[in-house]
1. Condition first: closer than 24 Å to ASP86 by Cβ, among the aromatic types (Phe, Trp, Tyr) and part of a loop (DSSP other than H, G, I, E, B). Now tell me which residues in the stretch 140-180 satisfy that.
2. So which residues in the stretch 134-188 are acidic (Asp, Glu) and either at pLDDT 75 or above or touching a Pro at 6+ places or on another chain (Cβ under 9 Å) (or both)?
3. Are any residues in the stretch 309-341 in contact with a strand residue (DSSP E or B) (Cβ under 6 Å, 6 or more places away or on another chain) and over 23 Å from PHE247 (Cα atoms), and if so, which ones?
4. So how many residues does the stretch 250-277 have that are farther than 15 Å from ALA220 by Cβ and either surrounded by 14 or more Cβ atoms within 10 Å (Cβ to Cβ) or touching a residue at least 12 places away in the same chain (Cβ under 8 Å) (or both)?
5. In the stretch 195-224, which residues are open to solvent by less than 40 Å² (accessible area, probe 1.4 Å), modelled with pLDDT under 80 and under 15 Å from THR134 (Cβ atoms)?
6. I'd like to check which strands (runs of 3 or more DSSP E) are fully inside the stretch 294-391 and have at least 3 residues that are in contact with a Lys or Arg (Cβ under 8 Å, 6 or more places away or on another chain).
7. Can you tell me which residues in the stretch 252-271 are of a type outside the set (S, T, N, Q) and at pLDDT below 85?
8. Return the residue satisfying two criteria in turn: it lies in the stretch 217-233 and is part of a loop (DSSP other than H, G, I, E, B) and among the acidic types (Asp, Glu), and of such residues it is nearest to ASN201 (Cα to Cα).
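The values are calculated or read from the model by the stated rules, or taken from the named source; none is laboratory data. Quick caveat: nothing in here was measured; it's all calculated off a predicted structure. When we count neighbours, we look across all protein chains shown, and the Cβ atoms used for this are built from the backbone with ideal geometry, even at glycine. The protein model used for the area step is the full one, side chains on, heavy atoms only, and it has no ligands, DNA or RNA in it. Shrake-Rupley method; radii C 1.70, N 1.55, O 1.52, S 1.80 Å.
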Amino acid sequence: MTKFIFLLFTFIGLSGVCSAQRVQGTLKSTANPNEVTVSIKPNSAFVAQISNLIVSVQIPTSVGPRPVIAFNNLQPSLFASWDQLDQDQGDGYYTWGFNCASPGGSNSTSTNWSATELDVLTISFIGASVPPFTARVCHYLDGGSAGYAIFYVETSLAVVNNGVLSDWGNLFYGTGASNGSTAAGSIGVPNANYSFTTVSNVTLPVKFVGFNVAKKDKDALLTWQIENETAQADAYEIERSTNGVDFVKVDAVAAKNNGNSTNTYNFTDANFTRFRSSGVVYYRIKQMDKDGRFTLTNIKNLRLDTKNIAISVYPNPIKNFATVSFDLLSDAAVKMTINDASGKQVQTIPLQLFKGVNTKKIDMSTLTAGAYMLSVNTGEEIQNIALVKVN
């Protein structure tokens, strides 16, 4: 990291030299209220490897205790992994630095970077419920108290500032961008030049502390418990699936908005067995806020029979590819075969499956249109599903 800060100081004076290629950053909201996305954008196209990328995100300490965060690499082929570099600035913000630890396989010295926005990292904040707050991606001239609070882009393009493409005078873009202002507080160098761009109305999500599904006669009984519920919560949508992937809305339960942060809800999906006579039915709850943002529970399922394995295929009819979903009560080695209408075997696929939901993609792109039969043999039972191949 010392190398990066040294380069930071060295090349500030060269910011006007060979300014054809520069990379800026911004921060955006997502569909989830507790998430933000960091994006980068070159001001003109260039060919090089981005060998190091550091971004720093802040939220105000007024949210209370420092939240836990989770982050997701949105470009694994370009940035193989990211390191989290925690740091508190002491100026009224919690700060997290994120460093691209190594370039991905598609990020080489000959990578073409176009002058378009690229989402690189999503950060989720997890903690107690608080009023909406503003998050920012930031840069301190001196790197902050531990040297990580910067926006830094280093590439193999040595002819431009020895590869540093950070645009020191214009680091960030977006409606909340402020480049070159000053920050109060002691952060290594008091009143160091400070740049940032913001996203407002970030909220920490409600927390599902329990979600259960039980079968009573032909009905499915759903119950869930909520913590951190605020007046921003609008409704809880019940979603059902027969394959564990494609969910449809069944109904919705309005948020209680009773002033309590902890509440319990329930819902009965009456006569749910009409959707499937055997196999598995899947459920999840989608908590909707009034601004359209949402949080999902994990998936729960109900088995309609005592067979060890339940199978579904989607899509069906199949044009090129389909996914076979297996739900097992216990681990099993199975043989999956596909036969044509004459009974001729056209594919055989041995699989080791594990308790719970497993998926396998099948390729039918080379087969002629017509009727086929998928057969799955566990050694103890055989299940068949009719397939239709279309052009």
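1. Of everything in the stretch 140-180, those that are closer than 24 Å to ASP86 by Cβ, among the aromatic types (Phe, Trp, Tyr) and part of a loop (DSSP other than H, G, I, E, B) turn out to be TYR148, PHE151.
2. Going residue by residue through the stretch 134-188, those that are acidic (Asp, Glu) are 142, 154, 167.
The answer is GLU154, ASP167.
3. The answer is ALA332, ALA333, VAL334, LYS335, MET336, THR337, ILE338, ASN339, ASP340, ALA341.
4. 10
5. The answer is VAL202, THR203, LEU204.
6. Working: elements: 294-296, 300-303, 309-314, 321-328, 332-340, 345-353, 356-363, 370-377, 382-389.
Correct list: 294-296, 321-328, 345-353, 370-377.
7. Taking the stretch 252-271 and keeping what is of a type outside the set (S, T, N, Q), we get 252-256, 259, 265, 267, 269-270.
Correct list: GLY259 only.
8. Filtering the stretch 217-233 for residues part of a loop (DSSP other than H, G, I, E, B) gives 217-218, 228-232.
Remaining after also requiring among the acidic types (Asp, Glu): 217, 229.
Values: ASP217: 45, GLU229: 16 Å.
Here the answer is GLU229.
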